[in-house]
Every structure is written in C-alpha cells, then in structure tokens.
Amino acid sequence: MLLFLGLAGGLYWVLTKIDELLFDAIVLHRSLSLTLQTSLSLLLRLVIILLVSGLSFAIFKWHNGAVIAQASRKSKKVWRWVLLSLGLLIIILSGVVLANQAVADKRQAVKSSSTAVSKKKAAAGQITPYDSFSDAMDTTLKSSVVSNRFIPSSGKIPLTDPPESDLIEVRPLVLSSEKLKWMDSQITLDQAWVAKFQPTMIDMGKDQVSVNGAVVFQITIKTGKYDNYYYPSQGRLVTNLGTSYEPAASFIMDGGMPRHKNRSQYIYFCFKQTLDDVQQVKYFRYSFAAIVGDEQTEKLPDHSVTVEFDNKKQPLEYGAPIQF
C-alpha cells in the first residue's frame with residue numbers, strides 16, 4: 001500500500017512538472033490557445049490515472065499471484081477492453097481538442113475581421129489611410145514650431161539659430177482672397193510680407209550664401225475627412241526678381257497631415273539677389289505639392305496636385321511699413 005502511494009505521489013509530481021512545461025513550451029512559445037493546453041493537460045492526467053491503475057493492478061498481482069493466476073484469462077480480456085476504451089477515449093479527446101481549436105481560431109478570425117471593419121467604419125467616410133501613414137508633427141520639436149514664428153514688430157527674422165537677423169524694413173502684402181480647395185481640404189495664404197534685413201549667411205545645401213531680403217508667407221491648411229501629404233516648405237517661389245532660394249527655417253509640418261486638423265506655419269523664401277527696396281517685388285507665384293494619403297482617393301485622377309497661389313503678374317499692393 002505504501003509502495004503504491006509512493007509511486008502515485010511520484011507520478012503526480014511528474015504530472016505537475018509536465019503540465020508546467022506543457023504550458024511554457026506550447027502556450028507561450030507556440031501561441032496555442034489555453035483551450036488546447038487545458039485539453040492536452042486533461043488527456044495527460046487521464047493517461048497517468050490509467051498508468052497508476054495498471055501499476056496498482058500489477059503490484060496486486062505480484063503480491064497475490066495465486067489468486068490472480070486463476071483469473072488470468074479474465075484479466076486479459078479486461079485489459080483488452082481497457083486498452084480499447086483508452087484508445088477510443090484518446091481518439092475522442094483528440095477530436096474534441098481539434099474541434100475546440102478550430103472553433104477558437106474561427107472566433108478569433110471573426111473577432112479580428114469585426115475589429116478591422118469597426119476601425120474602417122470609425123474612420124470618417126470609410127476612408128482607409130495607408131498603413132505607413134504617419135503625422136509629420138510627431139517628429140517635429142515644439143521648439144522648432146515656436147522658432148518658426150515671424151513677428152515683424154520684434155525687429156527680428158528667424159532665418160538662423162539665435163542670434164536672429166535684424167530687420168531693416170518690413171511691408172505687408174495686401175492679399176485678395178487667397179483660398180484654395182483640394183479634395184475636402186482648405187488651403188489659405190493668411191498673410192505675406194516682404195522683409196529687408198541685415199545681410200545674413202544661411203545654409204543652402206552644402207554651401208553658405210549671403211541674403212538680405214525675403215518673402216514670408218503664413219499658410220494654414222485645414223483638412224477634412226482625408227489623411228493627406230502636404231509639402232509647403234518644399235515649395236517654389238517665383239517673383240519678378242526670379243526664382244528664390246529654397247525656403248529657410250521653414251520645415252515644420254511637411255509630410256503627413258491627418259484628417260480634421262487645422263495647422264499653420266511660416267515659410268521664408270530668400271532672394272538670390274540683393275534687395276534694395278522692399279517694394280521691388282511686383283508679383284509672385286508660390287506652389288507646392290500635395291498628395292493623397294489613403295487607399296481610395298489614390299485612384300482618383302487628381303490624387304496628386306500642385307497647389308498654386310498666383311496673382312497673375314498683377315501689381316502687388318503693399319501695406320504701411322511695420323514699426324519695430
């Protein structure tokens with residue numbers, strides 16, 4: 001009896017360890033469901049119970065050989081039925097395990113599909129942004145947004161890191177209704193100035209150039225239900241003085257702009273030639289690229305456009321000089 005209890009206790013300890021290893025190896029590393037792990041664990045316990053039962057019968061037979069010998073034929077028949085039942089039970093449990101796993105997989109697939117549909121519905125107007133779409137402002141420092149501001153009355157223009165350049169003269173441009181629509185976004189040229197300042201060295205590619213005049217735009221973009229890409233700081237400015245340098249100190253919101261956002265920034269175009277008088281600029285044409293950021297509208301003919309503000313070479317009207 002004591003021998004049987006000892007063996008049973010030892011087998012129970014082995015069962016517990018195997019159960020732990022089963023959970024670690026199968027559930028955690030192979031990502032199988034807990035239902036499958038539980039079913040396998042129960043099957044293992046059943047096998048152990050049958051082994052213990054067989055072992056106990058063998059011990060009893062060894063201890064009472066004479067009695068068992070008389071019933072050997074009956075015991076063989078009993079063992080046949082036990083083994084047959086065990087085989088059938090294993091087959092049934094295996095079927096249950098596989099069925100449970102299939103049901104669990106199907107539920108997971110339905111749940112994943114439902115979640116994906118819900119996310120699509122949550123996106124206004126059934127718009128599905130690109131998987132790679134990201135908000136350009138996520139990688140923009142707040143300090144850069146602050147330093148991008150142009151405040152004419154401060155007497156400074158932030159073309160470089162401090163110290164900023166000293167302004168000599170600034171005049172605002174009197175703009176007509178400078179609003180454009182693309183898709184369901186609204187793009188507005190809010191303000192514009194022509195500024196003359198102390199000669200300043202700025203980086204243009206690998207070179208440094210000296211500049212003393214610039215056109216400064218304040219532009220606002222308000223998106224609708226689409227995630228789009230806008231590149232106002234990589235635009236191009238052409239005036240009666242020719243093509244300006246690429247914008248300086250302006251790279252703030254270029255890139256992805258999510259739906260239902262309203263953002264504004266300043267863009268600084270420096271002249272390639274010396275500016276003698278702020279009223280030398282007679283007309284301008286400012287353009288930049290815009291590209292859709294979702295799967296549906298990519299198929300439309302105008303999925304990529306050049307946004308353009310152009311006063312058609314009409315004489316510009318200037319406001320009074322700003323005092324600073």
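The values are calculated or read from the model by the stated rules, or taken from the named source; none is laboratory data. Worth saying up front: this structure is predicted, and the values here are computed from it rather than measured. Quick reminder, even Gly has a Cβ in these numbers, built from the backbone with ideal geometry, and neighbours come from all protein chains shown. Quick note on the areas: whole protein, heavy atoms, side chains included, nothing else; ligands and nucleic acids left out. Shrake-Rupley method; radii C 1.70, N 1.55, O 1.52, S 1.80 Å.
Across the stretch 154-228, Cα-Cα pairs farther apart than 15 Å form 65% of the total.
Pairs of Lys residues in the stretch 165-266 that lie 8 or more places apart, or on two chains, and have C-alpha atoms under 21 angstrom apart add up to 8.
In order along the stretch 275-286, phi translates into HN-Hα couplings of 9, 8, 9, 4, 8, 5, 6, 9, 7, 8, 9, 10 Hz, rounded to whole numbers, per the Karplus curve 6.51 cos²θ - 1.76 cosθ + 1.60 with θ = phi - 60° and x for Gly and Pro. Computed over every Cα-Cα pair of the stretch 204-273 and binned at 10 Å starting from 0, the pair-distance distribution P(r) comes out as 19, 44, 25, 11, 0 percent. The simple Förster model, with R0 at 35 Å and r as the Cβ-Cβ distance, assigns residue 295 and residue 147 a FRET efficiency of 0.45. Which FRET efficiency value, to the nearest 0.05, do you get for residue 154 and residue 261 by plugging their Cβ-Cβ distance into 1/(1 + (r/R0)^6) with R0 = 35 Å? The value I calculate is 0.80. Shown is the FRET efficiency for residue 276 and residue 236, computed with R0 = 22 Å from the Cβ-Cβ distance and rounded to the nearest 0.05: 0.40. Expressed in Å, the radius of gyration and Dmax of the Cα atoms of the stretch 212-324 are 16.0, 51.
Among 140-146, 167-173, sorting by the average number of other beta carbon atoms lying within 10 angstrom of each residue, highest first, gives 167-173, 140-146. Taken about its Cα centre, the stretch 217-324 carries a charge dipole of about 160 debye when Lys and Arg each add +1 at the Cβ and Asp and Glu each add -1 at the Cβ. The phi-based Karplus calculation (6.51 cos²θ - 1.76 cosθ + 1.60; θ = phi - 60°) puts the 3J(HN,Hα) values of the stretch 318-324 at 9, x, 5, x, 8, 8, 8 Hz, whole numbers, x for Gly and Pro.
Below 20 Å, Cα to Cα, which aspartates and glutamates can residue 313 reach? Residues fewer than 8 away in the same chain don't count. Cα-Cα hits under 20 Å: 178, 190, 277. Averaged over its residues, the stretch 187-324 has an accessible area of 46 Å² per residue, based on protein heavy atoms and a 1.4 Å probe.
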